[in-house]
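Step one of this worksheet: look at the structure below.
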Amino acid sequence: MNRVIIHSDLNNFFASVECLKRPWLGTSPVAVAGDVEKRHGIILAKNALAASFGVKTGEPIWSAREKCPALITVPPHYDDYIAISRMARSIYLEYSDKVEPFGIDECWLDVSDIASSYDEGIFIANDIRNRIKSSLGVTVSCGVSFNKVFAKLGSDIKKPDATTLISPSNFKQTVWPLPADSLLFVGRATKKALARLNVKTIGELANTDAKALEMVFGKNGICLWNYANGLDTSPVISANIDIPIKSVGNSITTCRDIINDEEIKVVFYELCETVSARLRKLNFVCSTVQIYVRDRELNSYERQTKMPLPCRTVQALFKEAFGLYRANHISGKPVRSLGVRATNLTDDNCFQMCISPSAYNAEKQEHLDSTADYIREHFGKGSLKRGIMLYESILSGIDVQEEKCSFSKI
C-alpha cells in the first residue's frame with residue numbers, strides 16, 4: 001500500500017480571518033494590504049471576490065484598485081493568523097503526529113497509519129475540512145495523494161473548501177496536462193528555462209530526458225523530473241521533531257529612499273541589532289552574513305561573505321553588512337529596501353571557546369550587547385540608542401519587520 005498523505009491549505013487565509021472578525025465584509029471584495037504611507041502598499045492576501053476581479057497577491061494597492069474600485073483594504077493582524085493556524089494544527093495532530101507545516105496556512109499530514117486506502121484518506125480530509133469550518137470559521141482545501149508534492153498540487157487544483165485525490169492510477173490524467181509551474185518549486189525563472197526546452201506542461205517535464213534536465217538545472221533537474229513522475233519520497237516530518245534553524249534575518253522597506261551612506265548605516269545598525277539579539281536568544285553564532293538591497297527602480301541583489309570567526313555581535317554583523325554594501329552598490333541608486341541575514345549557524349559554545357585577541361574583543365562587545373538587550377527588553381526599544389541614530393530621527397525610528405527563521409522544507 002502506498003502512503004496516504006494529506007495537504008491542507010487554509011483558503012485565502014489572511015483575508016478569511018479578517019472577514020471572520022468583520023462578518024459584514026463577507027459580501028465585499030477584501031484585501032489584506034500593507035501601509036501605503038510606509039511604502040508597504042502591496043496586496044498581502046485577498047478574498048475570493050477580490051480575486052474574481054483579477055486582484056493578485058504582491059501587486060501594488062493602486063493597481064488592485066484600478067481593477068476593483070470597490071476593494072476594501074484592511075491591515076494585517078499576524079497574531080490572529082498565528083492563533084488560528086495553531087488551532088488548525090491542533091486539529092491535524094488528532095489524526096497524526098506526522099504533521100509538517102509549510103508556511104502559516106499549509107500543512108502536510110501522513111495518515112498512512114490510520115488510512116488503509118485512498119477512500120479512507122478522502123474521508124479523513126473531508127472530516128478535517130468540516131471540523132475546521134465549524135470550529136474555526138475558515139475553510140480549507142485538501143489534497144490526498146501518495147506523496148507530498150502531489151498532495152500539495154491536489155490542494156491547489158480545486159478551491160475553496162474541496163478535496164482532490166491524486167492517486168498512482170490517475171496522476172497522469174490529472175497532473176500531466178497542468179502547466180509546468182503548477183508543480184512545487186517551479187518558479188518564474190525555472191518556468192522560463194523549461195519553456196526554452198519546449199517544456200510547458202508537467203507531462204512534458206515528466207517525459208523529458210532526465211540527464212538533459214540535469215545539464216540545465218543540475219541536481220534540481222533530477223528532482224523536478226522525479227516530482228513530475230510521482231517519485232517524491234520525502235517524509236512528512238513528525239510534529240515532535242525540531243526543524244533545524246538555518247538562518248536568522250530581518251529586512252525593512254524604509255519610509256523614504258535612502259540617498260547616502262550615513263543613512264544606510266542607520267538602517268544597517270537597526271537591522272543588525274535585532275539579528276544579534278535574536279541570535280543570543282537562540283544561542284547561536286553565525287559564520288556568514290548576507291545582505292539584501294533593493295533600489296528605487298526595484299532592482300535587487302543579494303551578497304554574502306564569511307566572517308573572520310563565528311560571532312554575533314552587532315558591530316561584527318554591521319561591519320560585514322556595510323562592507324558588502326559598499327563593495328557591491330556600484331550603481332549609486334537610492335535604496336528602497338535593506339535586509340541582513342545571519343547564516344551558517346553554530347552553537348554559541350564555539351564563540352565562548354575561542355581565545356584569540358579578536359575573540360576577546362568580541363566577547364567584551366558581546367557583554368555590552370547583552371546588557372543593551374536587557375535594557376531594551378525591560379524599558380522599551382527606544383530606551384537605549386546609538387549616537388548614530390540621532391543623525392536621522394525618522395530612519396532611527398523604523399519598525400524593523402522581523403522575518404521568520406528559515407527552516408528546511410521538503
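The values are calculated or read from the model by the stated rules, or taken from the named source; none is laboratory data. A quick note: this is a predicted structure, and the numbers were derived from the prediction, not measured. Positions of Cβ are backbone-derived with ideal geometry, glycine not excepted, and every protein chain shown enters the neighbour counts. To get the accessible areas, we keep the full protein, side chains included, count just its heavy atoms, and leave off ligands, DNA and RNA. Shrake-Rupley method; radii C 1.70, N 1.55, O 1.52, S 1.80 Å.
If a residue must be part of a helix (DSSP H, G or I) and crowded, with 16+ Cβ neighbours inside 10 Å, how many such residues does region 75-88 contain?
Filtering region 75-88 for residues part of a helix (DSSP H, G or I) gives 78-88.
Within this subset, residues satisfying the condition of being crowded, with 16+ Cβ neighbours inside 10 Å are 81, 84-85, 88.
Result for region 75-88: 4.
Residues that are surrounded by fewer than 18 Cβ atoms within 10 Å (Cβ to Cβ) and either on the phi > 0 side of the Ramachandran plot or within 26 Å of the chain's Cα centre (by Cα) (or both) were ranked within region 338-352; the one that is modelled with the highest pLDDT is 343.
Tell me whether region 105-115 contains one or more residues that are in contact (Cβ under 8 Å) with a residue 24 or more places away in the chain and part of a helix (DSSP H, G or I). Quick ask: steps written out before the conclusion?
Here is the first cut: in region 105-115, the residues in contact (Cβ under 8 Å) with a residue 24 or more places away in the chain are 105-112, 115.
When the remaining residues are screened for being part of a helix (DSSP H, G or I), the result is none.
For region 105-115, residues in contact (Cβ under 8 Å) with a residue 24 or more places away in the chain and part of a helix (DSSP H, G or I): absent.
Count, please, the residues in region 25-44 that happen to be surrounded by fewer than 22 Cβ atoms within 10 Å (Cβ to Cβ) and at pLDDT 90 or above. Don't jump to the end; show me each part of the working.
Start the filter on region 25-44 by keeping residues that are surrounded by fewer than 22 Cβ atoms within 10 Å (Cβ to Cβ), which leaves 25-28, 34-42, 44.
Among the residues that remain, those that are also at pLDDT 90 or above are: 28.
Selection size over region 25-44: 1.
Is there a residue in region 218-227 that is open to solvent by 10 Å² or more (accessible area, probe 1.4 Å), not hydrophobic (A, V, I, L, M, F, W, C) and not in a helix (DSSP H, G or I)? So far as region 218-227 goes, yes, one or more of its residues are open to solvent by 10 Å² or more (accessible area, probe 1.4 Å), not hydrophobic (A, V, I, L, M, F, W, C) and not in a helix (DSSP H, G or I).
When the residues of region 234-252 are narrowed to those that are in contact with a strand residue (DSSP E or B) (Cβ under 6 Å, 6 or more places away or on another chain) and farther than 20 Å from residue 304 by Cα, which ends up surrounded by the fewest Cβ atoms within 10 Å (Cβ to Cβ)? Only one residue tops the list, namely 243.
Can you find a residue that is among the hydrophobic types (A, V, I, L, M, F, W, C), touching a helix residue (DSSP H, G or I) at 6+ places or on another chain (Cβ under 9 Å) and open to solvent by 30 Å² or more (accessible area, probe 1.4 Å) anywhere in region 150-157? Even if it seems obvious, please write down each step before you answer.
Residues of region 150-157 that are among the hydrophobic types (A, V, I, L, M, F, W, C), as a first pass: 150-151, 153, 157.
Next cut, touching a helix residue (DSSP H, G or I) at 6+ places or on another chain (Cβ under 9 Å) only: 150, 153, 157.
Keeping just the survivors that are open to solvent by 30 Å² or more (accessible area, probe 1.4 Å) gives 157.
Yes, the conditions are met somewhere in region 150-157.
Taking strands (runs of 3 or more DSSP E) that fall entirely within region 1-74, which contain at least 1 residues that are over 17 Å from residue 140 (Cα atoms), in contact (Cβ under 8 Å) with a residue 24 or more places away in the chain and hydrophobic (A, V, I, L, M, F, W, C)? Reasoning before the result, please.
Numbers: elements: 5-10, 30-33, 43-46, 72-74.
Result: 30-33, 43-46, 72-74.
Take the residues in region 55-72 that are at pLDDT 90 or above and closer than 18 Å to residue 11 by Cβ, then tell me which one is most open to solvent (accessible area, probe 1.4 Å). Restricting to residues being at pLDDT 90 or above and closer than 18 Å to residue 11 by Cβ, the top hit is 56.
Checking the structure you have, find out if any residue of region 235-252 is in contact (Cβ under 8 Å) with a residue 40 or more places away in the chain, among the aliphatic types (A, V, I, L, M) and over 30 Å from residue 97 (Cα atoms). Step through it out loud before you land on a result.
Keep residues of region 235-252 that are in contact (Cβ under 8 Å) with a residue 40 or more places away in the chain, which gives 235-240, 243-252.
Then keep just the ones that are among the aliphatic types (A, V, I, L, M); that gives 236-237, 239, 243, 245, 248, 252.
Pick out the ones that are also over 30 Å from residue 97 (Cα atoms) and you get 252.
Yes, some residue in region 235-252 is in contact (Cβ under 8 Å) with a residue 40 or more places away in the chain, among the aliphatic types (A, V, I, L, M) and over 30 Å from residue 97 (Cα atoms).
As for region 305-327, it holds no residue that is among the aliphatic types (A, V, I, L, M), within 30 Å of residue 109 (Cα to Cα), open to solvent by less than 30 Å² (accessible area, probe 1.4 Å) and in contact (Cβ under 8 Å) with a residue 12 or more places away in the chain.
Here region 266-313 is the region considered, the condition is being over 20 Å from residue 366 (Cα atoms) and basic (Lys, Arg), and the residue that is modelled with the highest pLDDT is 303. Entry remark, region 175-202: residues being assigned to a loop (DSSP other than H, G, I, E, B) and over 21 Å from residue 215 (Cβ atoms) number 5 in total.
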